[in-house]
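Asks: To start, I am sharing the structure in question, which I have written as C-alpha cells.
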Amino acid sequence: MGTRDLFLIISSIGAVQSLFWGLYLILFDKRSTSTRLLAGFFLVLAARIIKSTLWLFSSEVDLVILNLGFAAHLAIGPFLLLYLQSLQSAFKLKWVHYFHFIPALAVTALSTQLELNGFWYSGGYTILAAQSIAYLLVAGGWFFMKRKEINQGKNVWPTLLLVGTAVVLVAYFTNYISGPLFYAAVIYVFSFYLLKNLSTIFSKKEKYKNINLPEQRSQEYKLKIQSHFEDNKPYLDNDYTLTTLSEDLNIPKHLLSNVFSSQFQMSFTDFMNSRRVEIAKVKLVNEQHLTVSSVAYDCGFNTLSSFNQAFKKFTKTTPSRYRETAKVVI
C-alpha cells in the first residue's frame, strides 16, 4: 500500500465519520433545533471532504460534484454560527436565519454552469475564502461575548468546533494537497470528544421549551428563588432537593427546572453547589483550623469527593490548592 492509498483511506474514513454524525444527530433528536443545526454542520462538512478527496484522488471529477462541494463549503460557516447561537435557551430559528444559506443555494442551483476557469479561478475562490473567514470571525466573536450564558459541555465543545473549523479552513486555503488529511484529523477529534461527552453536550435542554411560562412570571420565580436562598440558605442542608424547594416556594418542579435552565443557565444541582462553593471559599481562607472535609460537610456536601468535584468545576482548582494559594497571598 502506497502513501497515496493511505491518504485516500484516511480521508475517506473522515468523510464517513462526518456523514455518520450528521445522520445520527438527525435521528438522535429530531425536535431539537441545536441538534439539527449541528447535524447540518456535519453533513456539509462531509460533503466538503468528499469533494476534496475526489478532486485529489480521481483523474476526473464531474463539474456538478465540484460545485456541490463548494456549495457545502459555503454552508459550513452559517451552520456553525447558527448552532452556537442555538445554545442559548432563548434562541428560536426564524425565517430570516435562512438568508445565511443563499450563497450555498445559489451555487447549488448553478452547479451545472459555474466553471473552474470561468468562475472559481477568476474570483470565486476569493469569495469563498472571504465568506469562510467572515463567518468564522463572527461566530468566534459572538461566542466570546456570550460564552458565560452558554452551559454546553463547559464551553469545551463550542470552542472545539471553532478551533476545528479554523483548522479546516487554514488547511484548505494554505495547503490544499494534504487538506483532506487535516479535515479527517479534525473529524477524528470531534468524534472522540462526542463519544465521551454525548450525554453532556446533548442534555435535552430544549425539553422545557414547550412550557408556556411568560417571561415576567419566570423573572418573578427567579427573584423568589434568589430571596429564598439568601434568607434561608437551604444549600447548607445536604438533603435539600428540588422537591423540597418546590414545596417551600409552592412552585411546581417542572417550572422550577425551567427557571433554573432559562434564568440561571444551570441546573438546580449546579446552582446549589455554586452557592456551597462560595461559602467554602470563605471558610477555607478564614477558618484555617478546619480540615477540608469539615468545610465540605459544613457547606452542605454529602461527601468529600463531591465537594472536590464541585469546587474544581467552579474554581478550576482544588480546595487544598485554593487554601494554599490564599496563604501565599496573605
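Asks: For region 49-73, what are the residues that are surrounded by 19 or more Cβ atoms within 10 Å (Cβ to Cβ) and among the β-branched types (Val, Ile, Thr)?
Replies: Selection gives Ile49, Ile50, Thr53.
Asks: Report, by residue number, each residue of region 274-325 that is in contact (Cβ under 8 Å) with a residue 40 or more places away in the chain, touching a Leu at 6+ places or on another chain (Cβ under 7 Å) and in a helix (DSSP H, G or I). Explain how you work it out, then say what you get.
Replies: First, the residues of region 274-325 that are in contact (Cβ under 8 Å) with a residue 40 or more places away in the chain: 274-276, 279, 281, 284-285, 297-302, 313-314, 322.
If we keep only those that are touching a Leu at 6+ places or on another chain (Cβ under 7 Å) too, we end up with 299-300, 322.
Within region 274-325, Tyr322 is the sole residue that qualifies.
Asks: Output the number of the condition that Ser306 fails; it satisfies all remaining conditions of (1) surrounded by fewer than 18 Cβ atoms within 10 Å (Cβ to Cβ); (2) hydroxyl-bearing (Ser, Thr, Tyr); (3) more than 28 Å from the chain's Cα centre (by Cα).
Replies: Every condition holds for Ser306 apart from (3).
Asks: Is there a residue being buried (at least 16 other Cβ atoms within 10 Å of the Cβ), in contact with a Leu (Cβ under 9 Å, 6 or more places away or on another chain), modelled with pLDDT under 85 and farther than 26 Å from Trp157 by Cα anywhere in region 2-10? Explain how you work it out, then say what you get.
Replies: Of the residues in region 2-10, the ones buried (at least 16 other Cβ atoms within 10 Å of the Cβ) are 7-8, 10.
Narrowing further to those that are in contact with a Leu (Cβ under 9 Å, 6 or more places away or on another chain): 7-8, 10.
Narrowing further to those that are modelled with pLDDT under 85: 7-8, 10.
Keeping just the survivors that are farther than 26 Å from Trp157 by Cα gives 7-8.
Yes.
Asks: Let me ask something else. List pairs: first in region 169-180 and closer than 12 Å to Leu128 by Cβ, second surrounded by 12 or more Cβ atoms within 10 Å (Cβ to Cβ) and at pLDDT 70 or above, Cβ under 6 Å, 6+ apart or cross-chain?
Replies: Short answer, once both residue conditions are applied: Leu169/Ser132; Phe173/Ala129.
Asks: Here is a further query. Based on this model, can you work out whether Ala46 counts as surrounded by 23 or more Cβ atoms within 10 Å (Cβ to Cβ), in contact with a Pro (Cβ under 9 Å, 6 or more places away or on another chain) and part of a helix (DSSP H, G or I)? Lay out the reasoning, then the answer.
Replies: Working: surrounded by 23 or more Cβ atoms within 10 Å (Cβ to Cβ): yes; in contact with a Pro (Cβ under 9 Å, 6 or more places away or on another chain): no; part of a helix (DSSP H, G or I): yes.
In short, no.
Asks: Out of everything in region 81-110 that is β-branched (Val, Ile, Thr) and touching a residue at least 40 places away in the same chain (Cβ under 8 Å), what residue ends up being surrounded by the fewest Cβ atoms within 10 Å (Cβ to Cβ)? Lay out the reasoning, then the answer.
Replies: Here is the first cut: in region 81-110, the ones β-branched (Val, Ile, Thr) are 96, 102, 107-108.
From the residues that got through so far, the ones that are touching a residue at least 40 places away in the same chain (Cβ under 8 Å) too are 107-108.
Values: Val107: 24, Thr108: 17.
Among residues in region 81-110 that are β-branched (Val, Ile, Thr) and touching a residue at least 40 places away in the same chain (Cβ under 8 Å), the one surrounded by the fewest Cβ atoms within 10 Å (Cβ to Cβ) is Thr108.
Asks: Here's another thing I want to ask about it. If a residue must be among the aromatic types (Phe, Trp, Tyr) and either farther than 23 Å from Lys148 by Cα or surrounded by fewer than 17 Cβ atoms within 10 Å (Cβ to Cβ) (or both), how many such residues does region 251-266 contain? Quick ask: steps written out before the conclusion?
Replies: Applying the first criterion (among the aromatic types (Phe, Trp, Tyr)) to region 251-266 yields 260, 264.
This time we only want the ones that are either farther than 23 Å from Lys148 by Cα or surrounded by fewer than 17 Cβ atoms within 10 Å (Cβ to Cβ) (or both), so: 264.
Total satisfying the criteria: 1.
Asks: Is it true that some residue in region 19-27 is within 18 Å of Gly69 (Cβ to Cβ), touching a helix residue (DSSP H, G or I) at 6+ places or on another chain (Cβ under 6 Å), assigned to a helix (DSSP H, G or I) and modelled with pLDDT of 85 or more?
Replies: Within region 19-27, the subset within 18 Å of Gly69 (Cβ to Cβ) is 19, 22.
Now drop any that are not touching a helix residue (DSSP H, G or I) at 6+ places or on another chain (Cβ under 6 Å), which leaves 19, 22.
Filter once more, so that each one left must be assigned to a helix (DSSP H, G or I): 19, 22.
This time we only want the ones that are modelled with pLDDT of 85 or more, so: 19, 22.
There is at least one residue in region 19-27 that is within 18 Å of Gly69 (Cβ to Cβ), touching a helix residue (DSSP H, G or I) at 6+ places or on another chain (Cβ under 6 Å), assigned to a helix (DSSP H, G or I) and modelled with pLDDT of 85 or more.
Asks: While we're looking at this one, here's another question. Of all residues in region 235-250 being of a type in the set (Val, Ile, Thr) and under 31 Å from the mean Cα position of the chain (by Cα), which is surrounded by the fewest Cβ atoms within 10 Å (Cβ to Cβ)?
Replies: Taking region 235-250 and keeping what is of a type in the set (Val, Ile, Thr), we get 241, 243-244.
Those left that are additionally under 31 Å from the mean Cα position of the chain (by Cα): 241, 243.
On the way: Thr241: 14, Thr243: 10.
The extreme case among them is Thr243.
Asks: Filtering region 211-234 down to residues that are surrounded by 14 or more Cβ atoms within 10 Å (Cβ to Cβ) and under 29 Å from the mean Cα position of the chain (by Cα), which residue is farthest from Gln88 (Cα to Cα)? Show your work before the answer.
Replies: The initial filter retains those residues of region 211-234 that are surrounded by 14 or more Cβ atoms within 10 Å (Cβ to Cβ), namely 211, 213, 218, 221-222, 224-225, 228-229, 233-234.
Subset that is under 29 Å from the mean Cα position of the chain (by Cα): 211, 213, 218, 221-222, 225.
Values: Ile211: 16, Leu213: 17, Ser218: 16, Tyr221: 20, Lys222: 18, Ile225: 21 Å.
So, considering only residues that are surrounded by 14 or more Cβ atoms within 10 Å (Cβ to Cβ) and under 29 Å from the mean Cα position of the chain (by Cα), the one farthest from Gln88 (Cα to Cα) is Ile225.
The values are calculated or read from the model by the stated rules, or taken from the named source; none is laboratory data. Fair warning: this is a prediction, and the values are worked out from it, not measured in the lab. Neighbour counts run over all protein chains shown; Cβ positions are idealised from the backbone, glycine included.
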